[in-house]
Amino acid sequence: MAPKRTLSTPLSLDDAQKQVDNLSKAQDLSANTTESGAMLTDNMGHPVSDDQNSLRAGERGPTLMEDFLFREKISHFDHERIPERVVHARGAGAHGYFQLDKSLEQYTHAKVLTEVGVKTPVFVRFSTVGGSRGSMDTPRDVRGFAVKMYTKEGNWDLVGNNMPVFFIQDAIKFPDLVHAVKPEPDREIPQASSAHDTFYDFIAETPESIHMILWLNSDRAIPRAYANMEGFGVHTFRLINAQGKATLVKFHWKPVLGVKSLVWDEAQKIGGKDPDHNRRQMYDTIDAGGTLEWHLGVQLFTEEEAMKWDFDVLDATKIVPEDLVPVQLVGKLVLDRNPDNFFAEVEQVAFMTQNIVPGIDFTNDPLLQGRNFSYLDTQLTRLGGPNWQELPINRPINRVSNNQRDGFMRHTINKGRVAYFPNKLAGNKPAHVGDAGFVTYPAKVEGSKLRVRAESFGDHYGQARLFWNSMTPVEKEHITKSLRFELSKCETRDVRVRMLGHLQKVNEVLAAQVAKGLGEKLPSMKDVKPGGQQDSASETALLAAATSPTSASGGLQKAKGLSQEEGQPESAKDRKVAVLVADGVDAAGVKALQDALKKGGAKAEIVAPHLGEIAPGVVATATLSNTDPVVYDGVVVAGGAAAVRELAQHPESFNFVVESYRHAKPIGSLAEGAEIVTGSGVGGVLRRVAADPNAKDAATAPVQNLSEVAGVRLAAGEGGAKLAALGVIVGQDKQAQAAAESFVQALAKHRFWGRPQL
């Protein structure tokens, strides 16, 4: 719902001191927010009699040049697209607030980090990096995580990613990186994909990228939802306290719901079934009254501490391991309001790393230094000139007053004859404020002018090995499979071979397993046959024991916070479950399931052969043919004998079970719904799992329903427990309530790795 129009002018033009809270930016935007009027006018307010017919010389004659209404309408249409971002073109955003819970006054005098309890308004934009604005939400890619805080002291933009490191150490290489990963210029393919020759040719010649390549080929590159992404400021910044003392800082956003991802097969299919998957999840969650939430975390350390480590904190290809410097949680970011207009807010929002506030300062990180130039330069081109800061979504909420004038699309009308400083005619106003304003930290700088890379930036493999060692076996399996996929798309053998050479320096077993999928042979103590889309138990076991000695890691061989399978919160909140029903469904069982999912913060979507009411209180909003299991977090087949007979006539019903099984998602059934599970392609596997090994012919006996396997009642028996361990919940007879609650618990676990293969 659009905020009420409460202001006639923006806050940034008002001298009166205002209370700043989470509603302040909404009030500021209200000066530019309007509902459609009853009367159609042109842009100058002239009433329009007819905008469906241009002015002609005669009924069938030519259009006249004097038709100013036509010219204005078509001219505006011709120019209503602005150049898309070169990178981060595909994005979505939302409003919300940041609330500080723990003051950092010991380290900084920035009010946004010292005033506990204040709700600072924010706008956040999430994005992919490589694809165009029209690409899908789910490619294998880095995700932008850009936060604009409208603070009392001006805008603070924390322009980060969902990965804590980057591909390059110096910004001068950024055009090369982007040109390499973008569609190849002679053919303009592939779109939103790094799996091609030019990207890996560049990487093979740029060993500083290898750490980031491990992150890119991990599950971090295919997040389940924006709410399940971690965010990082990437660079090392400085905090400056009131006494002028500096402390180095790394910024983290920790998702309240934990870091969760898709699987690669699922991500590719979602791209075709619902290319707006992630932005739709965020919009629907907020539109339904929900929120997306993260904790702000900081790693604080001194320059003296940093100089003792065997890596350089100015190197953006390195992390500061949490084992060396724990992350302190100091506040919460909450997104709770959708944009009123996607273009005006999400597309026109402009982030800049150099937007910082007093009490925060830069370091000499060469990637950050280059970004500080590039981002402003980009906005000047994209948004049409020097006045892009006056766009409502970009302007601050505190008063803006300076001597800058004119330029394209100037909104501000500055009164008076003085536009310079110093002056006597205006009483030397606007005046400097000295130490009350932004003061750069007086870091000592000396040395010869050289084009060199510091020796402390020279270890390109040590932290890649640390990341590899820190992965769980299934995460190692996914990295290996991803690298096989990516490199198999490279047409030039030399590119593949050079990349294998880099992977050998990370881990020999990793390199050997990738090589097997590429038809290459590398020396290794052991190797196994690679698996397909499903995880290979033998490969996972082999990779589990594959570790490498590290360097550039503070002496650590493994680090906390890198695996997304360890130490993450478990919650069913915001999960969406497909409930398969048909005419004759057991409505009471569906109601019990819906209630249990709602209690757990999840949503049930009723999927049936047709839309509309299926039974009292059971209304289908999706059909078996217009949706797909990949867009859900799990599936439950409802009971009712007639309903199950109807579902069995539709192959899509069985596909829901099989696809969910292959993607390690929870599967549930109520009463007769178990027959769909049994009759699907996974039925035989589940029977063997649940069967009593002591029973005669237990594994092969024909069973029409999973309610009984070798005489074992699955809802409460040993067989049921075995299936539940695989995330398959079977509810029989009057067990709908208990089965529904068990399913919600399974949903919170997200994935069930290690299922027997089909």
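The values are calculated or read from the model by the stated rules, or taken from the named source; none is laboratory data. Every value quoted in this text rests on a predicted model; they were computed, and no experiment measured them. Heads up, the Cβs are rebuilt from the backbone with ideal geometry, glycines too, and the neighbour counts pull from every protein chain shown. Heads up: the accessible areas ignore ligands, DNA and RNA and are worked out on the full protein's heavy atoms, side chains in. Shrake-Rupley method; radii C 1.70, N 1.55, O 1.52, S 1.80 Å.
Odds and ends about this structure:
- Each residue in the range 135-159 was checked for being farther than 16 Å from residue 252 by Cβ and out of contact with any helix residue (DSSP H, G or I) (no Cβ under 8 Å at 6 or more places or on another chain), and 5 pass.
- Looking only at residues in the range 312-331 that are open to solvent by 10 Å² or more (accessible area, probe 1.4 Å) and assigned to a strand (DSSP E or B), the one that is farthest from residue 208 (Cα to Cα) is 329.
- Test: residue in the range 417-430 that is outside any loop (DSSP other than H, G, I, E, B) and of a type in the set (Phe, Trp, Tyr): no
- Test for residue 394: is it more than 36 Å from the chain's Cα centre (by Cα) and not hydrophobic (A, V, I, L, M, F, W, C): no
- The residue that is least open to solvent (accessible area, probe 1.4 Å), counting only those in the range 86-97 that are assigned to a loop (DSSP other than H, G, I, E, B) and in contact with a helix residue (DSSP H, G or I) (Cβ under 7 Å, 6 or more places away or on another chain), is 87.
- Residue within the range 688-695 that is basic (Lys, Arg), at pLDDT below 90 and open to solvent by 30 Å² or more (accessible area, probe 1.4 Å) present: yes
- Scanning the range 402-420 for residues that are surrounded by 11 or more Cβ atoms within 10 Å (Cβ to Cβ) and either among the charged types (D, E, K, R) or more than 45 Å from the chain's Cα centre (by Cα) (or both) turns up 405, 410, 418.
- Verdict on residue 76 being open to solvent by 20 Å² or more (accessible area, probe 1.4 Å), on the phi > 0 side of the Ramachandran plot and either touching a residue at least 24 places away in the same chain (Cβ under 8 Å) or over 30 Å from the mean Cα position of the chain (by Cα) (or both): no
- Count of residues meeting criterion [surrounded by fewer than 23 Cβ atoms within 10 Å (Cβ to Cβ) and among the hydroxyl-bearing types (Ser, Thr, Tyr)] in the range 98-148: 5
- Restricting the range 439-473 to residues that are part of a helix (DSSP H, G or I) and in contact with an Asp or Glu (Cβ under 6 Å, 6 or more places away or on another chain) leaves a set whose member that is nearest to residue 543 (Cα to Cα) is 457.
- Scanning the range 12-46 for residues that are outside any loop (DSSP other than H, G, I, E, B) and either at pLDDT 85 or above or touching a Lys or Arg at 6+ places or on another chain (Cβ under 6 Å) (or both) yields 12, 24, 25, 26, 27, 28, 29, 30.
- Scanning the range 232-251 turns up one or more residues that are among the small types (Gly, Ala, Ser), out of contact with any Pro (no Cβ under 8 Å at 6 or more places or on another chain) and closer than 29 Å to residue 475 by Cβ.
- Across the range 540-582, the qualifying residues are those that are in a loop (DSSP other than H, G, I, E, B) and hydroxyl-bearing (Ser, Thr, Tyr), and the one among them that is nearest to residue 654 (Cα to Cα) is 571.
- Residue in the range 292-310 that is in contact (Cβ under 8 Å) with a residue 60 or more places away in the chain, among the charged types (D, E, K, R) and assigned to a strand (DSSP E or B) present: yes
- Hits in the range 583-626 (condition: closer than 28 Å to residue 292 by Cα, open to solvent by less than 20 Å² (accessible area, probe 1.4 Å), among the small types (Gly, Ala, Ser) and in a strand (DSSP E or B)): 620, 622
- Selection within the range 739-758: residues that are surrounded by fewer than 16 Cβ atoms within 10 Å (Cβ to Cβ) and either among the hydrophobic types (A, V, I, L, M, F, W, C) or under 23 Å from the mean Cα position of the chain (by Cα) (or both). The member of this set that is nearest to residue 475 (Cα to Cα) is 749.
- Residue match in the range 180-203 (condition: open to solvent by 30 Å² or more (accessible area, probe 1.4 Å), assigned to a helix (DSSP H, G or I), over 25 Å from residue 125 (Cα atoms) and touching a strand residue (DSSP E or B) at 6+ places or on another chain (Cβ under 9 Å)): yes
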